[in-house]
Every structure is written in C-alpha cells, then in structure tokens.
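Worksheet for the structure shown next.
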Amino acid sequence: MTECTSLQFVSPFAFEAMQKVDVVRLASLSDPELRLLLPCLVRMALCAPADQSQSWAQDKKLILRLLSGVEAVNSIVALLSVDFHALEQDASKEQQLRHKLGGGTGESILVSQLQHGLTLEFEHSDSPRRLRLVLSELLAIMNKVSESSGEFFIKSSELFESPVYLEEAADVLCILQAELPSLLPIVDVAEALLHVRNGAWFLCLLVANVPDSFNEVCRGLIKNGERQDEESLGGRRRTDALRFLCKMNPSQALKVRGMVVEECHLPGLGVALTLDHTKNEVNEDGVSDLVCFVSGLLLGTNAKVRTWFGTFIRNGQQRKRETSSSVLWQMRRQLLLELMGILPTVRSARAAEEADMEAEPSVTVCSGLKEEHVVKASALLRLYCALMGIAGLKPTEEEAEQLLQLMTSRPPATPAGVRFVSLSFCMLLAFSTLVSTPEQEQLMVVWLSWMIKEEAYFESTSGVSASFGEMLLLVAMYFHSNQLSAIIDLVCSTLGMKVVTAHAVRVPVTSNLSANITGFLPIHCIYQLLRSRSFTKHKVSIKDWIYRQLCETSTPLHPQLLPLIDVYINSVLTPASKSNPEATNQPVTEQEILNIFQGVTGSDNIRLNQRFSITAQLLVLYYVLSYEEALLANTKTLAAMQRKPKSYSSSLMDQIPIKFLIRQAQGLQQELGGLHSALLRLLATNYPHLCIVDDWICEEEITGTDALLRRMLLTNNAKNHSPEQLQEAFSAVPVSHTQVMQILEHLTLLSASELIPYAEVLTSNMNQLLNSGVPRRILQTVNKLWMVLNTVMPRRLWVMTVNALQPSIKFVRQQKYTQNDLMIDPLIVLRCDQRVHRCPPLMDITLHMLNGYLLASKAYLSAHLKETAEQDRPSQNNTLGLIGQTDGPEVTREELKNALLAAQDSAAVQILLEICLPTEEEKAKGANPDSLLRNVQSVITTSTPSKGTEEGEDNLLCNLREVQCLICCLLHQMYIADPNIAKLVHFQGYPCELLPLTVAGIPSMHICLDFIPELIAQPELEKQIFAIQLLSHLCIQYALPKSLSVARLAVNVMGTLLTVLTQAKRYAFFMPTLPSLVSFCRAFPPLYEDIMSLLIQIGQVCASDVATQTRDIDPIITRLQQIKEKPSRWSGVCKDPSYKNGSRDIGSMDPDVQLCHCIESTIIEIINMSVSGI
C-alpha cells in the first residue's frame, strides 16, 4: 500500500496511551497525533461512563481540557448528536433493497439522488448527511466483498481517496462503527477497507480508536487471508495492512505471527513480522529469532505447516519479481548477512601451513571459527539444509560460496564443534551440488583430510566418546558395500530431516523415457525408495514426480514403468505401518488425469494436436484401472484400519475414451510389451461391457482388409461433409431422402476415429428414422455407422442413443439419462419409442446396448458390494462368540445381489418376449408368432410346396419376424452365458403362443429338459400346464432319449393328476394339455399305448361325473373304446371337419362333455397321424 506512505499513522506511544487510557501521555501528544484519536476521546468525554470513581472523574476533566483547544472536536460532537436508531433502520432497509436488486446500485434509502460528486456532497452536507454518505458507501463495499467469492478487487471511491477529507471521513467511519456495532462488525469493516485506497491508514485509525479490538481484527484478517500472500495483489495488501497494525502495536507482533502459523495463512506476513520486530534479537546461544522461527516451521512435527511454508519458498523462487520488495528476498538477504557475520576472516598459522602443503595457491582455507559462533553456525547449517531439502530452495552462487566457506571452517575441539563438523559432513553428502568448481572440490578434499587427521585430537580434547571419525568410517563401509539406505538413515538422523527423499523429488524426470534408454535412471531410484516406503515414512510427496515421468514417456515402453505404477498404487492405499495409518502417498488428482486425455478423440491426425503421447495416455489409463481394482481388493483391510481412500468418480471414467485407447494399444502390442495384455485383463474384470465378443469380431471386420479397400475408395467429397451438413440432410428427410443417403454412404468410407464428430448428429436424429416412409437402406447404413462408432466410443454413444430413442410425449420433458443411471437400471434401454420394436436395424442397436448394460450392471453391483464391505463389520462384531455366524452378513448381501441381477435379467427377457407378440394390428394382417414352427413342420411333412406354404414363407418376410430373430439370438446368448436365467424365466412362465417361436428360434432351449421335471412338480396348476406345453414343443424339436424319458414322466403325472383333481380343475388342466399328447406321439410312437389308455381313462372319469344327467354319455365312451381297439376304421374320420375342429355336440356347455369331445378329437388326430405314417 504505497499510497499510505505519505500519511501520518498512529505511533506506538499514542496507541499504548489509548490502550491504557493514560491521560498524562495523551496530553504529551502533538496536535497531529492527537487529531487521529479524537473520535474515541470525544466519545469518552461525552458519553456516560461505567466507571464512577473519583480518579476517572479527574481524568475526564483532563480530557475535556485537552479537547477544548481543538477545533475539529465540534464536528465530531455534531456527528454524535444524530439519531442513530433511525439511521440503523434506514441502513437495514437499504441492505434488504440491495439484496432484492441483486447487489445493484440503484435506488438508495440512505442517500437521495446525488447532485454533485461524492466529495462535493460530503463537503456541503451537514453531519447527519455525512454519516449517511459514508455509511452508504461502506455498505456498498461490504456487499461487494461478500458477493465477490474470494476474487480481490479495488473499489474506487472519492470519499476514501481525497486527501482533503481523509481525516473527516475517518472521524465519520469511527463514529459509525462505534455507534452501530451490530450493523458494522469491526472485522467486516476491516475486510472492506482492504479494497479501497488508503485502506491501511483508515484501518489503523479505526483500531486505534477501538484499541481493544486489535487481536480480533488481526485474527479476522488472517483467517480470511490467502494461503500464499505474495501470489496476489489482495494478499500483499492484506500483509501490508497487518504490518502497519503491528508497527502501531509492536508488543503484539509475535502473537500475530503465532496466528499466522496457526491458520497457515499469509506466510510472507510471518517472515515480515520477524524481520520487522526481532531482527536484532538473539537467544542465549547467539541464534537469531529469524533462524529459530524458520527452522521451527520446516523442521517441526506439523506436516501441514511444513508443506505450507515450503510452498511459499518454492513459489517465491518461481516469480520473476524477485526484488528487494519481496519478503523472501529480504529473508534470504538477512540470513546471508548472519552467515557472513560469523565466518572467520583470518587464517590460523596451522591452517595456513596445511594449505601450503596440500592445496593449490588459489584455494582459500577458512578456519578459526569462534567458540561463541559454533552453535549459531550449526543452526544456520540445519536451516539451509531444511530450506534446500524440504522447501526446495535453490541457493545463489553467493549463498553456495558462503555456505562452503562455513562448512569448511574449523571449529574448536568442543562437543559443539564435533556436532558442527558432523553436520557439515552430512550436508556435503546430501547436497553435493554445492561443490561445482575444481577449486571447491580441492577445498573439500583438504577439509576431509583435516577431519581424518584431527579426529583423535577432537575426541581426546572435547570429551565426546563418539566423534565424527566413527561417522567417516561408517560412511566408508556403507559406500563400500553399496548400502545406500544405511547412508540415507545416517544423514537423516544427523541432520534431523529427510533430505534424501526430498532431494529425490527434485531429481528431473527422464525426457521421452523408453526402453531404448539403458542404464541406471532416476526411475530406478524412485522405484526403490517407493518399495522401501521412504517417501511415506518421511512424509515427502512423490505424486508430482511420478505424474511428470508418466507424461514424459514414449515407445518402446520402458520395463520399469508398470512396476513403478504398481508399487506407487500400493503406497497410496496401504499405510507404511499400522501405527501410522495416514502415512500414505497422495493419488494423482482427477484434473491431472483429465489433462492427459485432452484432445484424444478426433481424427487419425490426432497426434499432431495431442500434448501427450499415446504411451502416457495408456499408462495413466493403466494407473486408473489398477487403482480402482486395488482399492476394491483392499476394501476390508482398509476398513479394518478405518481408512477410506478416495475413489475416482464415475464422471471421470466416463470422460476417458477407454475403448479408443485399447484399440490404439492393439496396434502397438510389440512396442508396449505387457501393457496391452494388462489393460485387457483389467478391462475384462471391471468393464465387461467393453469386452463383448461380438464387438471384437465386428472390430476385426472394420479394421481388416475391407477397411483398407474402403480407404482407397475414399474421395474428397466424403471428407468435405461436415456434421452441420449431415444435420441439414436429416432435417430434409420428410421431403427427400437422397441427400442424407448420399452423405451416409460417403461416411461409411471414413475410419472409426474420423466418424466421432458425426456421432451426436447421427444419434440425435434416430427418432426421425422411425417415421413411415424412411427407406430401409438408410436405416441399415445408420446401423452400420453406429456399429463402427461403437468400436471407439461405446459408452458415450450408448448414452446418446438411449436419450435419442426415448418416446416423444407432448408437454412432457424428456429425461436425460447418464451412464450411471443406465448401469443401475439397464431396463431403461427398453423404455424407448414403441416404433423401435418394429424397426429391425434400430432394434439391433437397442439389443446391443441392452446386452452391454446388463453386463455393466453386474460389474457395478459387484464393485458396490466390495466398496460397502465395511458395513458388515458391525454385524460381525455383534455375533462374536456365535459359531458359524461371522460370515452371515456377507453371504446375505451376496445373495441379495444375485437375486437382484436374476430379477433384472429375467425382467429383460420377459419384456423382449412380450415384444415378440404381434400387436392387434399385426394380428389383423395375419401375423402369427408360431408361423416359424408351422413353416418348419410343413417342410418336414410335405415334399412339394403348396399354396399355403408359399403364403407362410411370404409371411416370414416382415419386420416382426426379423425382430423376433434378433431377440432369439440375444436370448440364446443369455441362456448359454447363464442357464439359470432360462430356468427362472420358464418358472415364471410366458404366453404359450410364444412357445413355437422360442423353441424353434433359440437353439439353447434344449437345456429346459433338465428342469422340466422340477417345473411339473410345482403345486401351481398353471406351471404344470406350461411345462407340458413346453415339453411337447421340445420333443418335436429335440427327439432325444432324454426327451422320451421326460415325456413318459409327463404322461404319468397327467394320469396321477386325473385321480386327484376336482371337476373344475380337471377341465382347466386337460383342455390345454390334451393337444400336447399329439406331439408326444408324433415325436415318440412308443408312447402310443400309454397315451391312448390315459385318454380313455380321462373319458371314463368324465362320464362317471355326468352319469346322473339326462343326457347319456355312454355312446361317446363306447366310440372311444372302438377307436382304441380298431383304429384303422376311424382313420378317415379326421377328414370330417366336425371331428377335426371339435365342433360336435357343442351345444352342451357341460365341462365334462366338452372334455370328452376334446378327447375324441385328440384320439382321432393321433390315429390319423399314425396311420398316415409320419
């Protein structure tokens, strides 16, 4: 705040006098100093005091005498005479008005329309209006601050900038805050003043007139401050304001610095306060407060504080504005001055002699470090180690030179001297880059030689049993046996910090890392440190280094990358020790992952626009998939440790083009090593809907020889068609089909990645293709293009297609489904426009999506079960001591999941079967679901085609038949994948009209023979009827020995039921099942005798029930016996329509009579079939 430098601030002397209400000191102030404190002093003199003592009465008289000679007091008295209650009410109304208007500066209740500028109005106004002017301006600034969402701004205000009226405006501000504290909280006012020019001056005056609020204001400003204050204008203004406040009240500067560290905000302020107030203060051991303060931040136990201050150092180095105005520059300069202040300037005679003998003449050997400086020198060495190792400070040439001079100086033989030499030696090991020139190397050689010679002398003189000689020996042994970890531990324990791991983070990554780069690389070091958990042990973040290295990769793949990712994931999820479950590395953020995949989808020329290589993208994909799999695999272990690492969101996974990347990897298998197979394994486990066999086969066709031929035929016209042109062509479909057909045909020549820009237009217009009159060729071409797009962007394509095919209902807004919605409820796919069910090309797409989402739902529920595994723990704990019950909750949840999946799959099958049924309109046109079976039977029974057969074949050429075939293919796949689905669906049952279609159209229906005996044994009559009808069709389709045994069982069951069923149930059971006996005889003639006996038996039972009726039923029974004994006589009776259609004696409505006629028709049909010799 350079604009405040010319203004007079409240002095520390005056502030202390106000704090203590020291009237004698106040009387000694000059007129300009006293002018700044008038608002508070006038209020003291005029307001009724709470202190009624005699001493205060005397002090009050002195204050009145002091104020009597000041002219400005009259204006302040006038300000205090205003009706503040009415003013507060108007201010509240204005606040409400501003809130309604959205913070606009329209009508004002406090201030009417201004005739002149704000300063002129202020000059010409009386006291009440001045209060209103300042209050209105202040409230406007406060409202803007609350609505700015943290973005800093500077509010231009004449009232706070005009130097003529600054003192009077400050008087008004102080009076307003003192009289309206609820409307103007002092912390909020302080925050608002940061956004105006001269804000620091106004703030200091405000606090000086309310001295008790100093700590409250400082804490509020720090709490609302930035984590890094020198990065923004707002942070620097806040820091300057707080520095002015602390200069006014220096006794509280260290307390304010403590608030800074506590909140981890404004690190520059903490350093600045140290430089302002404790620069010249030293402790008993000579160490300055600056060294102690910074060392405590970086070497303390609070990791949050360490990271916060380390970020301040790193950011400060990256700024180009590294001038003397920078707090970091001032801190480094002060530390360098302290370091230079203790360096020995004169060489001792013994050191000079050694230098002449062992060193070159140009080498300067410093010695003679004074004993009183040894402790401070050790503290400075540890501080610089922390700054370079933890905060990433890069020393300048001057700093490095002075550090080497200090390290090679020779202390006296005292315990502190031994400690100093050990620190210097370890610092040399940790930061070897300090030695950069041959002269410096020679200096270090001389110093190391001195260490070896003087070790015995130091040990004998200092009285320390373990001198630096043992350290030299240990380091030599560790280097000789290549025990790097032991050297790391030794250096860390000596310096008291984790220098090696912090240094490893700063090692540059290898550019374009590939298998062509041999030798020992940084990736090997990081891998070993990750394996030993050094980073988590010392709380050093390695995430950024690994991310940068993954970005800097190319083919052929380096063999160390996959193990590095695996061990990194393990260090993220699994703590280094059970005693410290938080000791883990940080995972890569979602934004960093998304940055890798920017611009992935596009054309084949995509690599020109990509920022990252395909290798980096595949490695990050491998990391994400492996991380999610490891997280699910370790759910129970992590729950036992009460840890729950964050999983990557589903929205992130939706934005990664997984299938496109896998397809790219397929063409680079030789260069990617084992990465392609590892990705396929992860994909099959976690994303089974992206591994559908049909998709792989389709992809082979798309990327095969035919695709190369199409590329040869590719013309410029095909490339010139834009998505906008395709949209225009679709819009013209109701009028003309030529343009859209031409564009679609050209698009078939493009590759899958080149089709991606057209995906949204293609899917969004699918609904138009459902209208009547659209040529079949357009539909088939759209289907073909959709299948090509499905090879590169299946998940996004499915979501767009499902949303596009929703039924359009007037006045009802369509819901936009997401990937997560469709995985939770795959049946949404079938809630499409009903016209899709009779459009085979689009129905093919719908069935493809349904199959994919059913697989995705299984994987989603399995993952959800593992994620919530910790919910079982309370139940298990409650059952401790009960044998065999610890696994109960988990088994129950697994069973519930399986039941949900089974219900989901069966519901999908039932809906698909319902679609196969003809509508009323189709029935009127002659469509029949069993036409396929009739057609098959006609081919078997007749050798020459008849007119009826030709009509039946023509009937097959319809949309319904094609949709039925598509559905049967999908059901066949589902039954083969999980036979339990077939069992569940048939136990539920479906319309018997579909049995001819399902048995003939689904090749895997023969598996039903395994559970039909169980289905027949069900107590429900409907299930028994359905089982016998299903068995009759299966026997015709699969005339196997197993079918014969099941059919014989069914006949026996029918005989048994005849003896137990009531009349009503007997009629309900045998009327639909008797025709099935004909199929049994047709498939298996050996059953003829048993079936004929069963039919006669049924007829006899029915006759006995109607024996008491007037009508004699015996002729029917007699006729049945004759038919059984001499069937050849009755073989021609089948030509009689009355027998064939069961229309004889239909006048009787008696169930038993109807059943007898049905029996007679069944027997005649069996006889006719056997005589004609099927």
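The values are calculated or read from the model by the stated rules, or taken from the named source; none is laboratory data. Note that the structure is a prediction, hence the values are computed from the model and not measured. Cβ: placed from backbone, ideal geometry, glycine included. Neighbour counts: every protein chain shown. These accessible areas exclude ligands, DNA and RNA; they are computed on the full protein's heavy atoms, side chains included. Shrake-Rupley method; radii C 1.70, N 1.55, O 1.52, S 1.80 Å.
Summary of values
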{"item": "ASN980, sole failed condition from (1) surrounded by fewer than 20 Cβ atoms within 10 Å (Cβ to Cβ); (2) in contact with an Asp or Glu (Cβ under 8 Å, 6 or more places away or on another chain); (3) under 25 Å from GLY852 (Cα atoms)", "result": "(2)"}
{"item": "Leading residue by the ranking (most open to solvent (accessible area, probe 1.4 Å)) among those in the stretch 389-418 that are aliphatic (A, V, I, L, M) and assigned to a helix (DSSP H, G or I)", "result": "ALA416"}
{"item": "Within the stretch 902-925, considering residues that are in a helix (DSSP H, G or I) and either touching a Ser or Thr at 6+ places or on another chain (Cβ under 7 Å) or among the charged types (D, E, K, R) (or both), the one surrounded by the fewest Cβ atoms within 10 Å (Cβ to Cβ)", "result": "GLU920"}
{"item": "Candidates LEU1094, LEU1087, LEU1049, LEU1044, filtered to the one that is surrounded by 15 or more Cβ atoms within 10 Å (Cβ to Cβ) and touching a Gly at 6+ places or on another chain (Cβ under 8 Å)", "result": "LEU1094"}
{"item": "Exclusive hit being surrounded by 24 or more Cβ atoms within 10 Å (Cβ to Cβ), within 39 Å of the chain's Cα centre (by Cα) and in contact (Cβ under 8 Å) with a residue 24 or more places away in the chain, set LEU173, LEU221, LEU203", "result": "LEU221"}
{"item": "Test: residue in the stretch 236-257 that is without any contact (Cβ under 8 Å) to a residue 60 or more places away in the chain and under 19 Å from ALA386 (Cβ atoms)", "result": "yes"}
{"item": "Matching residues, the stretch 641-653, being in a helix (DSSP H, G or I) and in contact (Cβ under 8 Å) with a residue 24 or more places away in the chain", "result": "SER650, LEU652, MET653"}
{"item": "Search result, residues across the stretch 641-691 that are among the basic types (Lys, Arg) and open to solvent by 40 Å² or more (accessible area, probe 1.4 Å)", "result": "LYS644, LYS646, ARG663, ARG681"}
{"item": "Residues of the stretch 998-1041 classified as open to solvent by 10 Å² or more (accessible area, probe 1.4 Å), without any contact (Cβ under 8 Å) to a residue 60 or more places away in the chain and assigned to a helix (DSSP H, G or I), total", "result": "15"}
{"item": "Evaluation of VAL499 against (1) within 41 Å of the chain's Cα centre (by Cα); (2) open to solvent by less than 10 Å² (accessible area, probe 1.4 Å); (3) at pLDDT 75 or above (one fails), failing number", "result": "(3)"}
{"item": "All helices (runs of 4 or more DSSP H) inside the stretch 39-136 with 1 or more residues being under 53 Å from the mean Cα position of the chain (by Cα) and modelled with pLDDT of 80 or more", "result": "84-100"}
{"item": "Some residue of the stretch 520-537 being part of a loop (DSSP other than H, G, I, E, B) and buried (at least 19 other Cβ atoms within 10 Å of the Cβ)", "result": "yes"}
{"item": "Which numbered condition LEU995 fails, given (1) farther than 30 Å from ALA1103 by Cα; (2) outside any helix (DSSP H, G or I); (3) open to solvent by less than 50 Å² (accessible area, probe 1.4 Å)", "result": "(2)"}
